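What follows is calculated from the coordinates using simple rules that are stated; it is not laboratory data. Please read all numbers here as calculations on a predicted model, not as lab measurements. In this analysis, Cβ positions are derived from the backbone assuming ideal geometry, glycine residues included, and neighbour counts consider all displayed protein chains.
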Amino acid sequence: MKLISVNVGLPLKVKFGNEIVITGIFKNPVYKRINLKKLNLEGDRQADLSVHGGQDKAVYSYPSEYYGFWKKEFPDISFNWGMFGENLTTEDLFESKVNIGDTFQIGSSQVVATQPRMPCYKLGVKFGRMDIIKKFLESGKSGIYFKVIKEGEIGVDDPIRLIKKDNNNVTIKQIVDLVTKDKENTILMEKIVKVKDLPQGWKHYFLEKLSQLKK
């Protein structure tokens, strides 16, 4: 596992239909080592902190291997690293292999996997078409959010080294599956809500779902 690209960007005003949208989804690669802080990367910011950013979404990764799939889906769109708003474009780091709570060393920093990315309309703003939101969710290719437990420097070609595997064995992909297709799996939901590093928003969501399903 390693870093293919490190991408940052500051919020921009973008015309979308008849509105002006402020978004931080436009990221560009950087080619020097930069600091990874508790809340974001050096030179990177989120626009709407009510749904983006925060400690549990400090840095977002997306597999480079998925780009081929999306190029076939949207052949008329030009794809560059950072296209999905990811800070880290990665190699061999997939939702199906990563547990919530897994700890990784990247450069001199350490991060913990917390949750998948659920797409909002700003992904549609980036792509210039709103059907990407439904396709992104249905694809299961969500990418991974991390919280930073040790600040440090990172850069392109840094290895991503697993240093602690969470023993609850609940993967990032399983959260996506519960939202998209495995919506009544109460056994998995009961397991997920016990995972220490699952963010409170997700715990509340699954506890509500459990309450509804058990009525």
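Before moving on, here are some points about what is shown:
- Residues Thr23, Thr89, Thr186, Thr103, ranked from the fewest to the most other C-beta atoms within 10 Å, line up as Thr186, Thr103, Thr23, Thr89.
- Inter-probe distance in nm under a simple model that places probes 7 Å from Cα toward Cβ, at Leu207 and Ser78: 4.9 nm
- Difference of contour (0.36 nm per residue) and Cα-Cα distance, Glu42 to Lys165: 41.5 nm
- Burial ordering of Leu93, Leu178, fewest other beta-carbon atoms within 10 Å first: Leu178, Leu93
- Efficiency of FRET from Cβ geometry, Glu153 and Leu12, R₀ 25 Å, rounded to 0.05: 0.45
- Selected from Phe146, Phe26, Phe69 as most flexible by GNM, with the chain as the system and alpha-carbon contacts under 10 Å: Phe69
- Listed values for the range 202-215 are Karplus-derived 3J(HN,Hα) couplings in whole Hz (6.51 cos²θ - 1.76 cosθ + 1.60, θ = phi - 60°), namely 5, 4, 4, 4, 6, 5, 5, 4, 4, 4, 5, 6, 8, 5, and x replaces Gly and Pro.
- Quarter of Cα convex hull surface for the chain, i.e. mean projection, nm²: 11.8 nm²
- Across the options Ser64, Asn168, Ile154, the greatest Cα extent toward the positive end of the charge dipole of the chain (unit charges at beta carbon of Lys, Arg, Asp, Glu) belongs to Asn168.
- Positive minus negative residues near Lys194 (Lys, Arg vs Asp, Glu; Cβ under 13 Å): 0
- Relative contact order of the chain, defined on C-alpha pairs under 8 angstrom at six or more residues apart (%): 25 percent
- As a length-normalised measure over Cα pairs under 8 Å and 6 or more apart, the relative contact order of the range 168-215 settles at 35 percent.
- Over all directions, the projected convex hull of the C-alpha atoms in the range 151-212 averages 5.9 nm² in area.
- Panel order for Ser142, Ser96, by other beta carbons found within 10 Å of each beta carbon, from fewest to most: Ser96, Ser142.
- FRET efficiency estimate (nearest 0.05) - Cβ-Cβ, Gln55 to Lys214, R0 30 angstrom: 0.45
- Rounded to the nearest 20 debye, dipole of the range 2-166 from Cβ charges on Lys, Arg, Asp, Glu: 200 debye
- The coefficient of translational diffusion for the range 1-113, derived via Stokes-Einstein from the alpha carbon Kirkwood radius under 20 °C and 1.002 mPa s, stands at 142 µm²/s.
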